[in-house]
Amino acid sequence: MSSTLLKGLTLRGLEVFETLARTGSVAATATDLGMSAPAVSQQMKNLSTALGVDLVDASRRPMVVTPAGRLFLAQAKEALRALRAGQRDLKTLDLSELASLSLGVIEDFENEVTPLLTTRLAEAMSQCAFLLQTGPSHVLQARIAARELDMVICAAGAATPRGTVALPLLDDPYILAVPKGVDVAPGLKALADLPFLRRDLDQVMGQQIEAYLARAGIAPARRFEMDSNQSISALVAAGTGWTITTALSLARAGRFAGGIEAHPLPGEPMARKIVLYVTADWSGGIPEQIAELARELIGVHFADPGLEKMPWLGDSFRVL
């Protein structure tokens, strides 16, 4: 690689390009990165000049990544992941003074995020008694409100559990999930002949989805109600019914994903927020360090690949 090419490649430039590809807007990129709009434009100009190609089509609104830009974006994201991982490793968690830590994590993260998170925590807790529990958000919220857990990673409810503070992790937008090949152009009414697959109404997701349906004036028959994401995904893929889910939940569909088509939720956009609840008596930087580690893992395993498969989600599916 020539010195001329290297001259225009900067970490800030890669961050600007990654963010602009996600937001499609110079103004939104500037806001996200704490920069001025002219500085964002200059970074993009420098990067495009160094590479000798146009990375975005600035004539469209929102801006879109060019074919050449898509090729480079994959490499830029990989480079940024490695750099951020290296930065995180330099900021090693120091939990050596903790006597105990009890953590709850929603089941959504059980296969990807939770094992890596607990491994990193265990490495940092040489003398600490560690308790990990997984479960649905409403159960974890009740447990931290009762002081049975120190911290929980879960979906935010209508109210913050008493005696806790919330650190934001992820905006997780609701989407429409239907069997492959089903036409949803006419809206939800086009699905009248298919059963609606409901979430358990004790769950945060179930309650938020029912509120959306009520606002939309839609009352599907109560035939199916389940607390299992995989069972709902299997039924959608089999053509048995349709559902409203979230980008994060759909990413966990696994082998059923090939039979499911995702679409924007008609009408009013809606999202659940994934947060780290911490009991208010925690002090120091430990909660924020754990939150930052969780954000990194969620981005790598869910937000980044989710946006590659569903680019129309744009800025609605993002690590906070």
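The values are calculated or read from the model by the stated rules, or taken from the named source; none is laboratory data. What you are looking at is a predicted structure, and each value in this text was computed from that prediction instead of being measured. With ideal geometry, Cβ positions are generated from the backbone for all residues, glycine too; neighbour counts draw on all protein chains shown. Please note that ligands, DNA and RNA were not included when accessible areas were found on the heavy atoms of the full protein model with its side chains. Shrake-Rupley method; radii C 1.70, N 1.55, O 1.52, S 1.80 Å.
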Matching residues, the stretch 272-298, being farther than 21 Å from residue 120 by Cβ and open to solvent by 50 Å² or more (accessible area, probe 1.4 Å): 273, 280, 281, 283
Residues that are part of a loop (DSSP other than H, G, I, E, B) and either of a type in the set (A, V, I, L, M) or open to solvent by 20 Å² or more (accessible area, probe 1.4 Å) (or both), drawn from the stretch 145-165: 146, 147, 148, 149, 150, 156, 157, 158, 159, 160, 162, 163
Residue in the stretch 248-259 that is open to solvent by less than 10 Å² (accessible area, probe 1.4 Å), hydroxyl-bearing (Ser, Thr, Tyr) and either in a loop (DSSP other than H, G, I, E, B) or closer than 18 Å to residue 153 by Cα (or both) present: yes
Some residue of the stretch 309-316 being of a type in the set (A, V, I, L, M, F, W, C) and in a strand (DSSP E or B): no
Residue within the stretch 211-219 that is part of a helix (DSSP H, G or I), over 27 Å from residue 163 (Cα atoms), at pLDDT 85 or above and touching a strand residue (DSSP E or B) at 6+ places or on another chain (Cβ under 6 Å) present: no
When residues of the stretch 111-127 are limited to those that are over 19 Å from residue 144 (Cα atoms) and in contact with a Ser or Thr (Cβ under 8 Å, 6 or more places away or on another chain), the one most open to solvent (accessible area, probe 1.4 Å): 127
Per-region count, the stretch 6-27, residues more than 20 Å from residue 74 (Cα to Cα) and either modelled with pLDDT under 90 or open to solvent by less than 20 Å² (accessible area, probe 1.4 Å) (or both): 1
Selected residue (criterion: nearest to residue 203 (Cα to Cα)) from residues of the stretch 228-247 that are open to solvent by 30 Å² or more (accessible area, probe 1.4 Å) and in contact with a strand residue (DSSP E or B) (Cβ under 8 Å, 6 or more places away or on another chain): 235
Count of the stretch 115-144 residues which are among the hydroxyl-bearing types (Ser, Thr, Tyr), touching a residue at least 40 places away in the same chain (Cβ under 8 Å) and either farther than 25 Å from residue 207 by Cβ or outside any helix (DSSP H, G or I) (or both): 0
